Each structure stands twice: as structure tokens, then as C-alpha cells.
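The values are calculated or read from the model by the stated rules, or taken from the named source; none is laboratory data. This is a predicted model, so every value here is computed, not measured. Ideal geometry is used to build each Cβ from the backbone, glycine not excepted, and the neighbour counts take in all protein chains shown. In case anyone asks, the SASA skips ligands and DNA or RNA and just uses the protein heavy atoms, side chains included. Shrake-Rupley method; radii C 1.70, N 1.55, O 1.52, S 1.80 Å.
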Amino acid sequence: MKITVNGIELNYVQSGSGPVVLLLHGNGEDHQVFEKLQAKLADTYTVYAIDSRNHGESTQTTDYSYETMAQDIVAFVAELKLHPIRIIGFSDGAIIGIKLALLGIPMERLALLGVNLSPAAFKKAEYMLLELEYQQTKSPLIKLMLDQPQIRLEEVTIINIPTLVIAGENDVFRPETFSELAKALPQAELLVFENETHDSYVVNPNKLVDSLKLFLK
């Protein structure tokens, strides 16, 4: 389905019934990364998996900022009258989730999967690979990850929402990225999946589902 908000069209898939959960995907992906997870959550929740602008079947624009993508979701929630919501954000989607929490959107739960507050969180080798990819492609989506976000750890201390910070043991970000964030958030817990990468537990969410369902309650 598509909806016009904030001057663009957002593509999304809705399924299930019950309290509202939004699924926000990562950089260069679309809602399909959550296909298995959405199916498992739809027995308990009304799940909206949304393509961010410049991704999937949503409108392509020249604005690639996380702030604007967060405003898109604010407008989406307002247009469909979805308050209050639960958010599960992966990677870029988790950054958007933090931005939404900082904007004060009514939110009951916030799950942050593979999140970073700045490009400095990347392991050195991973950042160098991104730089090389950008030199070869000039992709604005890669440029986004090289430059943004720029969220200070002190900023997130005002997010007084039950939060679950999740990471794979072999994530592209330094391990302290997640532990420091969980410590800074007033109501956060940290979950690290052994032998998982940045996205492996999202694409194949068998480990993830039970933890999320327990948290979302």
C-alpha cells in the first residue's frame, strides 16, 4: 500500500491485528528484510513494515537525512492515527527510531537493532570498505552512512521509554557502541546474540522473535 505524507509517497505492508508495531529497515534495503519477522509478529500485533524514502517503492528524493526520514514517520503515524506505537528499527531504521523518540512521538516500546549514534562507531576496516564503495559508486546512501548520524550520547538520556538494544556478536560496529548506549538510556537492556553478524539475526529471526515478543508486552 502507499500513502502520501510529508510531500512524498511511502510504500508499506500492513498485517495482523492488535497493538501497533512499526518496522523500520536499514540502509539500502526495504520492508522485505522483515518478511519473516513480520509474519511472526502479526499473530499478536498490527504490523506496519515501511519503505523509507529513497528505498523500495517509496518516493526517490534528493534528501537523504535521518531527520527527514523521521519526519516522514511522524507524518505516517499522524495520518493513520496510530498513537501510541511500538518501534522496531534495524540499523538506519534504529537511528530513525532514536530520532523519533527525541522528537517525543508517543511510543510505548523501542527496539534498536544494530544501531549506531555516529559513523565513528564503525570498526575501522568496515568504515574503510564503505569509503571504498563510495569512491566507486558515489551512492548517496553510502554517503549517508559515512557522514551521519551525529547523535551525542548525552542526548539520548532523555529517552525515558522501555528500550531494547540488540546486536550481533560480530556486528560492523564496535561492541562498546551498544553497551554505552544501553547504559545511557534510562530504561534500556542490552541483548547480544552470539555468532551473529550485523543483519543475520534479522533476516533469519528465530533467535530474535521470542525476545522481541517478551519485550513488546
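Residues in the range 32-69 that are open to solvent by 30 Å² or more (accessible area, probe 1.4 Å), in contact with an Asp or Glu (Cβ under 7 Å, 6 or more places away or on another chain) and either under 21 Å from L146 (Cα atoms) or of a type outside the set (S, T, N, Q) (or both): G56, E57. Does the range 101-118 contain at least one residue that is outside any loop (DSSP other than H, G, I, E, B), open to solvent by 60 Å² or more (accessible area, probe 1.4 Å) and touching a Lys or Arg at 6+ places or on another chain (Cβ under 8 Å)? Yes: one or more hits.
Taking the numbered list (1) over 30 Å from H83 (Cα atoms); (2) open to solvent by less than 80 Å² (accessible area, probe 1.4 Å); (3) part of a helix (DSSP H, G or I); (4) not hydroxyl-bearing (S, T, Y) in turn, D171 passes all entries but (3).
Yes/no matrix, rows are residues, columns are (1) of a type in the set (G, A, S); (2) part of a strand (DSSP E or B); (3) modelled with pLDDT of 95 or more:
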| position | (1), (2), (3) |
| --- | --- |
| N11 | no, yes, yes |
| Q38 | no, no, yes |
| V47 | no, yes, yes |
| H55 | no, no, yes |
| H83 | no, no, no |
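Within the set L164, L191, L146, the sole residue that is open to solvent by less than 10 Å² (accessible area, probe 1.4 Å) and not in a loop (DSSP other than H, G, I, E, B) turns out to be L164.
Quick check on G18: is it of a type outside the set (S, T, N, Q), out of contact with any helix residue (DSSP H, G or I) (no Cβ under 6 Å at 6 or more places or on another chain) and open to solvent by 30 Å² or more (accessible area, probe 1.4 Å)? Here the answer is yes, as G18 does meet what is asked. In the set (1) in contact (Cβ under 8 Å) with a residue 60 or more places away in the chain; (2) assigned to a helix (DSSP H, G or I); (3) within 26 Å of E133 (Cβ to Cβ); (4) open to solvent by 20 Å² or more (accessible area, probe 1.4 Å), the condition left unmet by G28 is number (2).
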